Structure formats: C-alpha cells, structure tokens
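What follows is a short report on a single structure.
The values are calculated or read from the model by the stated rules, or taken from the named source; none is laboratory data. Keep in mind the model is a prediction, meaning the values are calculated, not measured. Using ideal geometry, Cβ is built from the backbone for each residue, glycine included, and neighbour counts are taken over all protein chains shown. The area values use the complete protein model at the heavy-atom level, side chains included, leaving out ligands, DNA and RNA. Shrake-Rupley method; radii C 1.70, N 1.55, O 1.52, S 1.80 Å.
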Amino acid sequence: MTLIIEDGTSKPDAESYASAEDLAMYAVKFGTVIPAGVPEQEALLRRAALAMDSMSWKGRKSAGEQSLSWPRREVHLDGENKPANYLPARIQYGQMALAAEIHQDDIDPVEKRKGAVLLDRVEGVVTRQYAAIPNTSNRLLPAAPDRPSATQFADYLQKRGLFAVRA
C-alpha cells in the first residue's frame, strides 16, 4: 500500500512526511540500516509519524481535519512567523532519522541494550554501571534522547533542552 505523503496542504489521510524512496536515500547518505523492502520501509515511516504525533510541537495544527502534526500555524522561528502551510525539511529528515532509530531498536538484541545509570563513580578512572534489562520483559526501550531525530526536531518542539521547575 503506497504511503500518502503530507505536502503542506493539511491532508486528512496523510501517513508520512517522506516516501520509502526518500528513506532509502537518507539511509545511504547517513549510513543507517533500514529494511530492504518498500512495504517494511513504509511501515517504519508510519510508525515514526505516529511517534511524532505524541510530541509537543510549537503552534497548532493548520487544519482540524489533518491527520499528522504538521503543517502548523502560529509557529514563530528565527524571528519570524512561519506560514500555515510551512512544512520544515527537518521534520521530514527527523521522521527518517526516527524511522532508522526505530528499526535499530527492533533489530538490536536485548542484551546489547543499556538500562538506566545506577552508579557513576569518579576516583581516578570513571566507573559507570547500567541497570540490567530483563529478556523476559518483551518491552522495547524508546529511542535515546541523543539520537539524530531529537536534534532535527529541537527547534520545532515547545520545550527545547534543559529547563528548571521551581518548587
């Protein structure tokens, strides 16, 4: 089934910002691993678009009936208000990076993954201990925040980087 690509017109049935062909070119350019088949690539792009819908983006959707988070209105960036049909290239690149990250998470064996940092000790040599991830949990950890997709999305999210909360 062919992907319906958002082109800035607020399509009500759009499924992705990028095509499988775009994803294949991205993988070659950046040396990422993706599945060889077009249906599998399209499925990854759909999964990445769904993950993107849960993010807190600047502005509001351009149209109430649009299926994806972008395009958006009331986006102020680099000192100017962007038009309501504005679809940043970094949203497309971010989706492709996120799709590659999701695929990497899918194919990585559980024993290669690292849990939360349990111990950090500095006494001459740095020692770091990670929590064990049980093989029986059948749960995947989400993509790490230092992945390329997070960098692509940074300017377009409501909150960027570190922030403090007063108690």
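Here are some notes:
- Per-residue ³J(HN,Hα) for the stretch 55-61, Karplus 6.51 cos²θ - 1.76 cosθ + 1.60, θ = phi - 60°, Hz, x for Gly and Pro: 7, 8, 8, 5, x, 9, 3
- Contour minus Cα-Cα distance for residue 77 and residue 108 (0.36 nm per residue): 7.5 nm
- Karplus-derived HN-Hα couplings along the stretch 97-103 (A = 6.51, B = -1.76, C = 1.60, θ = phi - 60°), whole Hz, x at Gly and Pro: 5, 5, 4, 5, 5, 4, 5
- Close amide H pairs (under 5 Å, H built 1.01 Å from N) link residue 5 with 15, residues at least 5 positions away or on another chain.
- Modelled label reach - residue 47, point 7 Å along Cα→Cβ, the stretch 76-104 residues with backbone N closer than 13 Å: 98-104
- Loop-located GluC sites (Glu not before Pro) in the stretch 8-78 (DSSP state other than H, G, I, E, B) with a sparse environment of at most 13 neighbouring Cβ atoms within 10 Å: 65, 74.
- For the listed residue pairs 61/82; 11/61; 11/58; 112/159; 29/112, the alpha carbons are over 23 angstrom apart in 112/159; 29/112.
- Gyration tensor (alpha-carbon) shape descriptor, the stretch 1-52, a/c threshold 1.5: prolate
- Label-point gap, in nm, between residue 155 and residue 118 - each point 7 angstrom along Cα→Cβ: 4.2
- Counting protein heavy atoms only, the stretch 3-51 has 64 percent of its accessible area on carbon and sulfur, 1.4 angstrom probe.
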